[in-house]
Structure formats: C-alpha cells, structure tokens
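**Student:** The structure is given below, and queries will be raised subsequently.
Bear in mind these aren't lab numbers, they're just calculated from the coordinates by the rules spelled out. Fair warning: this is a prediction, and the values are worked out from it, not measured in the lab. Quick reminder, even Gly has a Cβ in these numbers, built from the backbone with ideal geometry, and neighbours come from all protein chains shown.
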Amino acid sequence: MKALPADLAAVCRRMKTERTVGLAVHERPDTDALGAAAGMLDLFAQLGVEARLHVDQDELLPLEEHLLPFGTVTRGLPPARRPLYALDSGSLERLALPLDSWDGFVVNIDHHHDNTRFGDVDFVRGAASSTSELVCDIARALGLRPSRQAAEALYAGISFDTGHFRHDSTSAGTFETAAWLAGRGVGVTRVFSLLYEQGSIEALRLWARAIAGAQVVAGGRALVATLELADFAAVGAGEEETEGIVDGLRSVGGVEVAALVKEQSRGARVRVSLRSNAHDVSQIASLKGGGGHRLAAGFSSDDDPREVTAWLSSELAKRLLTASC
C-alpha cells in the first residue's frame, strides 16, 4: 500500500486520538466551507468523537438547513484548550470566531495558496479544487465513507468552488472524487438546483442594478460593479443575494478581471470580490489585507464604497495596462 503524505497522515492520526473537538470555518462561509464542515462532522461521528461547528453569534450560514446536520452548530467559542479544526481559512484571523483570548491545539485544513500555515498540524493543498475535496482525501485515508447527507454537502462544496467543474483548479482527481461521492447516493440534479436555481426575483433585479452601473476599466479589460445599501433596499434584496454577480461580469467577452464592491450593514463596511481568468487577483487583495485564490480573491474595507471603487478601478487600470497583475 502506498504511504500517505506526511501531513495527511498526521491529520488522520490526530483525528483517531480525539475525544471532543470544535470545528471552525472562515467568516462569511460559503458552500465549500460548510460542505467541508459537514464532511468532518460526519467523519468524527463515525470515529466516535464529539464534534460541533463553532461560529460567531451573528454569522450567516447559507444553506445551513441543507448542508449541516441539525443541532451541530454552536454560536460562540469552543471550550478553552479544546482542539480546533480550522476549515477553508487562509489564516487564523479570517475564522468566523473571535479567537484573541482562545488558546488550544489547531489543525489547519485548507486549499488557499496563500495560507499562512497557522496550525499545529497543517494539511494545505493550494492546487486542490476545494477544502471539501481535501476532506474526501481524509475520509479515504481513514478508510471511511461519508453518509449520503455528508456526501451531498461535500459534493456541493466541490461544485461551488469549481464553478460546477469549470475552473482550472478542477483536476482529474476532482472528477474522481465527485464520482466517488455520487456513488454514495448524491442527487446531483438536486444539488445543482439547490446551488444555482434558487434565486429570487429581487436578486435578479439586484443583478440588473449591478450590471447597469458597472464601470468599464482599461478599455474593457476590467469591469467593476458597486452595490450600496440603498441598492439592496430599492429592490428588496438581501445582502447575501449577490452570489454569481462577479462571475457574470467576468464572463463578458474581453473582460480579464471583474470586481464587485458591496456595502454591508454589519462587519466591515465594504466587501470586495475579485475574479479573473488569467491574472493573480490575490495580489491586489493583499494590498488591502485580503487574500484568496490566484483567480478568485477578496478583501474588506471600512472606507466609503465609492472610494473603494475609485481606488480599485485605478489599481486595475494601472496593472492591466502595464501587464503587472
């Protein structure tokens, strides 16, 4: 039998010795983060380990009722010194928990290329499609098979982070993992509908406002859209209903970089999402303390959204016109 990579083996050894653990995901968790959490909750249950997902009091968990087992989420910190498994987060600071006064053993499982390796044990694969795929690697290394519910959550996480298997992080191994999950009874049509066919008319109107107001940058090589709180109020859309807008902007012919500047009513005043098909937008995000993937990144700011838009448009124009991003 082929030996496991040392970091994967270390995670598996640690999981087998646990008695009770906490899980954490990044702030404003997406489907990959929650899919990975659902997968880890299932694996720990099979190992006889008590596990719960811990998030801050006000954190929104999209599709929680579909992805996570009922009663597995705790609002607040895990008990002191309880091992913490951090999922899909590039740094400890990005976790959806206030960890300033918390001290304990950390296992870091992630696929962001700029991960800071903040764990006592790190299982990080920057080239992997998703953290959900890494959780599947852990399951197979442990000789475990996820339940049907967990398999659907993991499949949803992989689908979401690959843009339904179209991003360049999608490998042959990704398809093999998706097939392995489908063999556990995943309803692939149901998952697709859940992720991509549940939009509201209000969200559609929000798309229209974003697209109509998008700024053309660098002769059409970039598009930057801005949504302020007044835009959400005008169409009756929730602040979470922006999924897919920035990818829609990037899909326009000739557009190499797209950005969405979104004003928020809680947390940082502005959240910016960046997408590209060729340029490393994580470099731009890092200028404002953000990060992410090479072709999909973001950052937060407390500045006025119009000021952020102006800065971002200027930075993109400078970089695209000099081919430095």
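**Student:** Treat each spin label as a single point 7 Å out from the Cα along the C-beta direction, and report the E65 to I211 distance in nm.
**Tutor:** 3.0 nm
**Student:** Quote the charge dipole size of the chain about the Cα centre in Debye, to the nearest 20; the model charges only the Cβ of Lys and Arg (+1) and of Asp and Glu (-1). Don't skip to the answer; put the middle values down first.
**Tutor:** Details: 33 positive and 43 negative charges, 162 e Å.
Rounded to the nearest 20 debye, it is 780 debye.
**Student:** On to the next question. Given the rule -39500 (n - 2.57) for each run of at least 4 DSSP H residues, summed and divided by the residues of the chain, what is its mean residue ellipticity at 222 nm, to the nearest 500 deg cm²/dmol?
**Tutor:** Details: 12 runs with 125 residues, N = 325.
My calculation for the chain gives -11500 deg cm²/dmol from helical runs alone.
**Student:** For the chain, what value does the Rg/Rh ratio take when both radii are computed over Cα atoms and Rh is the Kirkwood radius, given to two decimals?
**Tutor:** On the way: Rg = 19.6 Å, Rh = 20.3 Å.
Expressed as Rg/Rh, it is 0.97.
**Student:** Would you mind telling me which residue in R82, R148, R140 has the biggest mean-square fluctuation in a Gaussian network model of the chain, where springs connect alpha carbons within a distance under 10 angstrom?
**Tutor:** Comparing R82, R148, R140 in a Gaussian network model of the chain, the most mobile one is R140.
**Student:** Positive end of the dipole of the range 6-196, charges at C-beta (+1 Lys, Arg; -1 Asp, Glu), about the Cα centre: which of G126, P29, V107 has its Cα farthest in that direction?
**Tutor:** Farthest towards the positive end: V107.
**Student:** What three numbers, in Å, describe the spread of the alpha carbons of the range 187-325 along their principal axes, ordered from the longest?
**Tutor:** Cα extents, longest axis first: 43, 34, 26 Å.
**Student:** Now for a different question. In straight Cα distance, which lysines are under 21 Å from K262, not counting same-chain residues fewer than 8 positions off?
**Tutor:** K288
**Student:** Next question, about the same structure. Restricting to the chain, compute how many DSSP beta bridges are antiparallel as a %, nearest 5.
**Tutor:** Numbers: 19 of 44 bridges.
The answer is about 45 percent antiparallel.
**Student:** Would you look at the GNM of the chain, springs on alpha carbons closer than 10 Å, and say which of G219, G126, G71 moves the most?
**Tutor:** In this elastic network of the chain, the residue with the biggest mean-square fluctuation among G219, G126, G71 is G71.
**Student:** Using a basic spin-label model with each label point 7 Å from the Cα along Cα→Cβ, how many nm lie between F192 and K16?
**Tutor:** Label-label distance for F192 and K16, simple model: 4.0 nm.
**Student:** Ranked highest first by the average count of other Cβ atoms within 10 Å around their residues, in what order do 41-52, 110-121 fall? It would help to have the intermediate numbers written out before the result.
**Tutor:** Working: 41-52: 17.9, 110-121: 19.4.
Packing proxy ranking, top to bottom: 110-121, 41-52.
**Student:** With a 10 Å cut-off between alpha carbons and a GNM built on the chain, which of A127, A278, A214 moves the most?
**Tutor:** Among A127, A278, A214, the largest mean-square fluctuation in the Gaussian network model of the chain belongs to A278.
**Student:** For the range 6-196, just say rounded, prolate or oblate: build the C-alpha gyration tensor, square-root its eigenvalues into a ≥ b ≥ c, call rounded for a/c under 1.5, and beyond that prolate if a/b exceeds b/c, oblate if not.
**Tutor:** Numbers: a/c = 1.41, a/b = 1.35, b/c = 1.05.
Since a/c stays below 1.5, the shape of the range 6-196 is classed as rounded.
**Student:** Using a cut-off of 29 Å between alpha-carbon atoms, which lysines can reach K2, once sequence neighbours fewer than 8 places away in the same chain are excluded?
**Tutor:** K16
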